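In what follows, a structure is listed as structure tokens, so that the remarks can point back to it.
The values are calculated or read from the model by the stated rules, or taken from the named source; none is laboratory data. Please read these numbers as outputs of a predicted model, since none were measured by experiment. Using ideal geometry, Cβ is built from the backbone for each residue, glycine included, and neighbour counts are taken over all protein chains shown.
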Amino acid sequence: MGKFRFVRLADGVRRTTACKARVADALLVGIVSVTLSVAPGRARALPPGPPAGSICMPPGNYPVADRADLVLRSPLCFSPPARVAQGGKATLGRSVKRDSFSGTAVGGYTYGEAVHYCLERHMRLPSTDELKALVGYANGPEHPHGGYAIVASKDDERYPGGVYGWGGQLAYWSSTFGGSRFHHVVWLTDGRGGPYHDSHRAYVSCVK
């Protein structure tokens, strides 16, 4: 009889514990539901927009020299190149120089550093086709083969047509594979490009 009463008591404890657990789960669901209804912005935080000074290409077809057109089904934004901090050093101490087109200090990155730089900003390196299409888009139909719109600043008599002042003394890294330890770079003056050793330094524009 004592054993039977003990078993019944144990069953009652388990049922009470299970009931309390169900109540706690219900309370938790209710709290989360109220939080979402009161502060929906926190639950669905919008991703950050493109950095200031970006060049954004709207959806459409963009010609690429010797290739099929680049088709964009959504906007594609290119961030301005990595600048430098005080003391002449880029983030993490990368060496830089003052660009001959824009007069600004722009960071020179190895390929691995460039990939890391973009990933830190939840972006990626552009492909060669994307960079070449950007050259034609930024310079307009009157300069289909390139110009100074991207690399030079406005009102610089040395480089007519300058707009964005990104700099173009070095080429820009792309994500396009160019062989073992090589990836392609593209010059944003005329869209020329080719394979470049991953250990060399080039400018970085990320896309999103």
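Residues in region 130-165 that are buried (at least 19 other Cβ atoms within 10 Å of the Cβ) and of a type in the set (Asp, Glu): Glu130 alone. When restricted to residues that are surrounded by fewer than 21 Cβ atoms within 10 Å (Cβ to Cβ) and in a helix (DSSP H, G or I), region 114-128 contains 4.
Restricting region 166-206 to residues that are surrounded by fewer than 23 Cβ atoms within 10 Å (Cβ to Cβ), in a strand (DSSP E or B) and among the polar types (S, T, N, Q), the residue that is nearest to the chain's Cα centre (by Cα) is Ser175.
A quick yes/no check of all residues on (1) out of contact with any His (no Cβ under 9 Å at 6 or more places or on another chain); (2) over 25 Å from Pro75 (Cβ atoms):
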| site | (1), (2) |
| --- | --- |
| Asp129 | yes, no |
| Lys132 | yes, no |
| Asp156 | yes, yes |
| Arg181 | no, yes |
| Tyr196 | no, yes |
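Across region 101-114, not a single residue is classified as in contact (Cβ under 8 Å) with a residue 12 or more places away in the chain, under 19 Å from Leu72 (Cβ atoms) and either touching a strand residue (DSSP E or B) at 6+ places or on another chain (Cβ under 8 Å) or outside the structural domain of Pro80 (by TED's automatic domain parsing) (or both). Got at least one residue in region 71-83 being surrounded by fewer than 13 Cβ atoms within 10 Å (Cβ to Cβ) and at pLDDT below 95? No, region 71-83 contains no residue that is surrounded by fewer than 13 Cβ atoms within 10 Å (Cβ to Cβ) and at pLDDT below 95.
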